[in-house]
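Here is the structure we will look at, set down as structure tokens.
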4 protein chains.
Amino acid sequence: MNKDLQDLLNKLIRFRDERDWAQFHTDKNLAISISLEAAEFLEHFQWTFEDEDIASEKLEFLSDEIADILIYLLLFAHRIDIDPVQAAQDKIEKNAQKYPADLVRGKSDKYTKY
Amino acid sequence: MNKDLQDLLNKLIRFRDERDWAQFHTDKNLAISISLEAAEFLEHFQWTFEDEDIASEKLEFLSDEIADILIYLLLFAHRIDIDPVQAAQDKIEKNAQKYPADLVRGKSDKYTKY
Amino acid sequence: MNKDLQDLLNKLIRFRDERDWAQFHTDKNLAISISLEAAEFLEHFQWTFEDEDIASEKLEFLSDEIADILIYLLLFAHRIDIDPVQAAQDKIEKNAQKYPADLVRGKSDKYTKY
Amino acid sequence: MNKDLQDLLNKLIRFRDERDWAQFHTDKNLAISISLEAAEFLEHFQWTFEDEDIASEKLEFLSDEIADILIYLLLFAHRIDIDPVQAAQDKIEKNAQKYPADLVRGKSDKYTKY
């Protein structure tokens, strides 16, 4: 794994262990936590309009939510020994197969439609 | 931003632009997408038990979901010009203030209880 | 509880018990399931625009998702012996206190702002 | 629609209109809101264990969350002119086809496995 992400992960594990929290970090609970943090993130857009700019006072909250999602994502990936950046690289390859540029240009349909 | 993440982001932007999909990638839609991918991830644990091991045939699906979450997270972070790894580093500092190790050891309460 | 909802609940319990599924219906798993069905519902709006009409071929899917959310909601409410319609009536009263009409008219801010 | 639910819906519409909030209640925003309320509901189980009883001081919060989910669900169903109780009745019939009792008894697999 990339050094910066590995450093971050090491720090997260230390933070967790200093608090004896590994007992709560089951696969299921981490998966729930990713979902909850994603909802807190989405909450900032609950009543906004599509073309509305993000209010500057929201930026710090959004940055914190992005951080929380990444934190739980890394902790989970570590449990199943996956490098998330490599996983994303692999997924882009798959997506390129599912969504050939010429076929889907300007369309937002799901690939099951093609 | 870290070089590997920057490379990944560049590839995502190219992928998006080759398909003319930026028009769909509003802040709100990306926030929804992170939430939906997080739900697809959680779905793998819907009826499992806490102490159940992850079936090996699930690992590729989980890896793909982790990838999808990271992909939308990076695309969003880019829109508001945030480095997610730095954001996570900053968030750990905040969390260390909210959850002093001596106070919370072995407890899973929210910080509002302390 | 209202007779129609009670009939529906009875049917759900019979459905569940004929399949011996009560063992999977823990509080936590039902809470997860509500969240997952809500995400499947939201997925129909992932890339739509705010003012876009719902395509008529989506209506049956949306109806099914509404059904799934209500089903898990009823099963959960039954476990903690709550009448959801009464709970909603009570909640409207609380909301009326939190959001006095004169104060919030035409605004979408959270009540913590008032 | 059932009289109690219709009464509840009427009250919700009045509440909404007294605050001039219909402008925020787009299909998409209501779908987001259902999802967010479902996440707030799930949050009460984030770090709990499967077999843990619900703490009695949580019951009121859970009741309020159930109410919030039902409220947005009704408001949405009203927009597409669906009776959620009837939708659930219809869905049970479909589920009975997808999950024949004899085939799925005691199993939690998705129907795509059968």
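How many residues, within the range B:67-110, are open to solvent by 90 Å² or more (accessible area, probe 1.4 Å) and in contact with a helix residue (DSSP H, G or I) (Cβ under 7 Å, 6 or more places away or on another chain)?
1
Being hydroxyl-bearing (Ser, Thr, Tyr) and open to solvent by less than 10 Å² (accessible area, probe 1.4 Å) is the filter here, so list the residues in the range A:1-34 that pass it.
Step one: of the range A:1-34, the residues hydroxyl-bearing (Ser, Thr, Tyr) are A:26, A:33.
Correct list: A:Ser33 only.
Could you list all residues from the range C:34-52 that are among the aromatic types (Phe, Trp, Tyr) and within 10 Å of chain B (Cβ to nearest Cβ)?
Hits for the range C:34-52 are C:Phe45, C:Trp47, C:Phe49.
Which condition does B:Lys91 not pass, out of (1) of a type outside the set (Asp, Glu); (2) without any contact (Cβ under 8 Å) to a residue 40 or more places away in the chain; (3) touching a Lys or Arg at 6+ places or on another chain (Cβ under 8 Å), if it passes all the others?
Going through (1) of a type outside the set (Asp, Glu); (2) without any contact (Cβ under 8 Å) to a residue 40 or more places away in the chain; (3) touching a Lys or Arg at 6+ places or on another chain (Cβ under 8 Å) one by one, B:Lys91 breaks only (3).
Quick check, is C:Leu74 more than 7 Å from every other protein chain (Cβ to nearest Cβ), closer than 29 Å to D:Ala101 by Cβ and modelled with pLDDT of 95 or more?
When the stated conditions are applied, C:Leu74 passes them.
Find all pairs meeting these conditions: Cβ atoms under 6 angstrom apart; at least six residues apart or on different chains; first residue within the range B:21-33 and under 16 Å from C:Glu52 (Cα atoms); second residue among the charged types (D, E, K, R).
The qualifying pairs are B:Thr26/A:Glu50; B:Lys28/A:Glu50.
Going by what's in this entry, would C:Glu52 be described as open to solvent by 70 Å² or more (accessible area, probe 1.4 Å) and modelled with pLDDT under 95?
When the stated conditions are applied, C:Glu52 passes them.
Before we move on, is C:Glu40 surrounded by 15 or more Cβ atoms within 10 Å (Cβ to Cβ) and modelled with pLDDT under 95?
Judged against the criteria, C:Glu40 is not a match.
Every residue, every condition in (1) outside any helix (DSSP H, G or I); (2) at the interface with another protein chain (Cβ under 7 Å from one of its Cβ atoms); (3) among the polar types (S, T, N, Q), yes or no:
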{"position": "A:Asp17", "(1), (2), (3)": "no, no, no"}
{"position": "A:Asn29", "(1), (2), (3)": "no, yes, yes"}
{"position": "A:Ile32", "(1), (2), (3)": "no, yes, no"}
{"position": "A:Ile54", "(1), (2), (3)": "yes, yes, no"}
{"position": "A:Phe61", "(1), (2), (3)": "no, no, no"}
{"position": "A:Asp68", "(1), (2), (3)": "no, yes, no"}
{"position": "A:Leu103", "(1), (2), (3)": "no, no, no"}
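The values are calculated or read from the model by the stated rules, or taken from the named source; none is laboratory data. The shown structure was predicted, so the numbers you read here are calculated from the model rather than taken from an experiment. Virtual Cβ from ideal backbone geometry, glycine too; neighbours counted across all protein chains shown. Keep in mind that these areas ignore ligands, DNA and RNA; they rest on the heavy atoms of the full protein, side chains included. Shrake-Rupley method; radii C 1.70, N 1.55, O 1.52, S 1.80 Å.
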